[in-house]
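What follows is calculated from the coordinates using simple rules that are stated; it is not laboratory data. Being a predicted model, the structure only gives us computed values, none of them experimental. Cβ: placed from backbone, ideal geometry, glycine included. Neighbour counts: every protein chain shown.
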Amino acid sequence: MKNHVFRPLIVVIGIVLLILAARFVYVPKDFGSYERGYIYSWHRQGDENFWNKFTIKYQGKEYCKDCHEKNFTSINKSPHRIIICENCHGPAIDHPSEARSKLVIDKSREQCYRCHVKLPYPDTARGRIKGFLDPEQHNPGMECVTCHDPHDPKLGGA
Amino acid sequence: MLTRRNFLKYSLAGAAGLAVPATIKASTGTAPAAGTATDKRWVFLVDSTKCVGCGMCVKACKNENEVPYDANVSRTWVERYVVTKDGKVHADSPKAARDGFTTQTIDQGHHGKEIIKPADISKAFFVPKLCNHCENPACVQVCPVGATYQTKEGVVLVDRTWCIGCGYCIMACPYGVRFFHPVYHTAEKCTFCVHRLHAGLKPACVEACPFGARQIGNRNDPNDPVTKTILNNKVQVLKEEYGTKPQVYYLGLSMEVK
């Protein structure tokens, strides 16, 4: 065997072994192709746990029932019963136990504009919600909640 | 003596040897599961006719999934389409509709604003969009490092610790649902809120929608209301011609939607 062939060959083999060794150390043990085969599920299985354990923030309407009975019962009798409390008050997370989950009270008119600015789209559900093409005509400059209780918005016998 | 013939022979043997570790790796996982009755396959149903464009779904998604609230990226969004009598289509989704549609002005960001007279409108509608969790996700196929993958329940996820931020998946997705997370700088997308599904809850956007425009279901359960709707009604998917087999089904979708 001639040296000028053999020596570079050893170097090449060495590099290949080094890469394989590095790969062995670096690639986590749970890396593999799982249920959906090589093309679609070649991944680190541990990552599924990361996503499964993500913190839940929206707790749903029933969560508020026992502590805020007044608002809960009144909203359920009103057309706003379809809106979950957290849409207006923000995610409960672990309210009321933690300081960070003190819920928002947003009295802005914009909060109500999301649904009550009438858009002239006759065939959409939006076009059928009661509201105002120009909301600045309906008691401008005042908070809506001055007159309408968001948990029971209808006024006078309607 | 290393003849040319031997050299070729040894190199071939060596190459075969190098290929072995890959083969072993590939066979460590279990074979693709043939869907048994207990396996779930999450699918989504959007009823476009029920959407009013209030944007509560986008607000909830951003809060639930820690997508920075004021960054102009979102895992889900709502598009507004206004078709005028001259046949032109005007579409927008300002801030992904996080704050809802509260004016008649079509706001296409740097493409400018358009004011359309109500008398000129021939039809208008809202279309909520999110990741289609395709049966054949193109975004997964192109990932060079195995950072994005599909779970056995059909959900396409991104491994933030493994993503190198090359952006191939963002370009490969025909639906434009992927973006870089402003904090982690890795590819980001809708997860169908798997953390909620596994706790027996609905995804945040489904929970937040007051009008029932968004629903989640298990395609492998024939008694699931969503599965029944998909099987018994005229449903559509987006960009069927791409062959990705999207699993977000639409009721009442109009042909102008892209």
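Here are a few things to note about the model shown:
- Kirkwood hydrodynamic radius of chain A, Cα pairs, Å: 22.0 Å
- Among A:S97, A:S41, A:S78, B:S48, the ranking by other beta carbons within 10 Å of each residue's beta carbon, starting with the fewest, stands as A:S97, A:S78, B:S48, A:S41.
- Counting only DSSP beta bridges with both residues in chain B, the antiparallel share comes to about 85 percent.
- Mean-position separation - Cα centroids, the stretch A:102-146 and the stretch B:116-164, in angstrom: 31 Å
- Sites A:E110 and B:D221 - FRET efficiency at Förster radius 25 Å, r taken between beta-carbons, to 0.05: 0.05
- Between 0 and 90 degrees, the angle of helix A:3-26 with respect to the longest Cα principal axis of chain A falls at about 30 degrees.
- Relative contact order (percent, whole number), chain A, Cα cutoff 8 Å, 6+ residue spacing: 16 percent
- When the chymotrypsin sites (Phe, Trp or Tyr not before Pro) in the stretch B:215-256 are filtered for DSSP coil states and for at most 15 other beta-carbon atoms within 10 Å of their beta-carbon, no site remains.
- Taken along the Cα-to-beta-carbon direction at a fixed 7 Å, the label points for B:Q141 and A:I82 span 4.0 nm.
- Each residue in A:C144, B:C61 was given a count of other beta-carbon atoms within 10 angstrom of its own, and listing them fewest first yields A:C144, B:C61.
- Residue order, fewest to most beta carbons within 10 Å, for A:I15, B:I121: A:I15, B:I121
- Sum of -39500 (n - 2.57) over DSSP H runs of 4+, divided by residues of the protein assembly as shown (222 nm, nearest 500): -8000 deg cm²/dmol
- Structure remark: mean-square fluctuation, Gaussian network model of chain A, C-alpha springs under 10 Å; the largest value among A:E48, A:E143, A:E69 belongs to A:E48.
- FRET efficiency for A:A22 and A:C67, using Cβ-Cβ distance with R0 set to 51 Å, rounded to 0.05: 0.35
- Build a GNM of chain A with springs between Cα atoms under 10 Å apart, and of A:G127, A:G141, A:G37 the one that fluctuates most is A:G37.
- For the stretch B:151-162, 3J(HN,Hα) per residue [Karplus equation, 6.51 cos²θ - 1.76 cosθ + 1.60, θ = phi - 60°, Hz, x = Gly/Pro]: 7, 5, 8, x, 8, 9, 10, 10, 8, 5, 6, 9
- The stretch B:61-105 residues near the modelled B:E114 label - backbone nitrogen below 13 Å, point 7 Å along Cα→Cβ: B:80-93, B:105
- Cα long-axis angle, helix B:4-26 against chain B (0 to 90 degrees, to the nearest 10): 50 degrees
- Quarter the surface of the alpha carbon convex hull of chain B and you get the mean projected area, 19.5 square nanometres.
- For the stretch A:3-53, relative contact order (Cα pairs under 8 Å, six or more residues apart, normalised by length) works out to 21 percent.
- Label-point separation in nm, B:D107 to A:Y38, each point 7 Å along Cα→Cβ: 5.0 nm
- Taken residue by residue and averaged, Cβ atoms of other chains lying within 10 Å of the Cβ of A:45-54 number 6.
- Whole-Hz Karplus values for the stretch B:213-220 come out as 7, 10, 9, 10, x, 10, 5, 7 Hz, taken residue by residue from phi with 6.51 cos²θ - 1.76 cosθ + 1.60 and θ = phi - 60°; glycine and proline positions read x.
- Fully extended contour minus Cα-Cα distance, from A:E98 to A:V12, at 0.36 nm per residue: 25.0 nm
- The protein assembly as shown: antiparallel DSSP beta bridges as a percent of all, rounded to 5: 85 percent
- 12 Å beta-carbon shell around B:F125, net charge (K/R +1, D/E -1): 0
- Label positions at B:N232 and A:Q137, each projected 7 Å from the Cα along the C-beta direction, are separated by 4.4 nm.
- Chain A: most fluctuating residue of A:T124, A:T55, A:T73 per GNM, C-alpha cutoff 10 Å: A:T124
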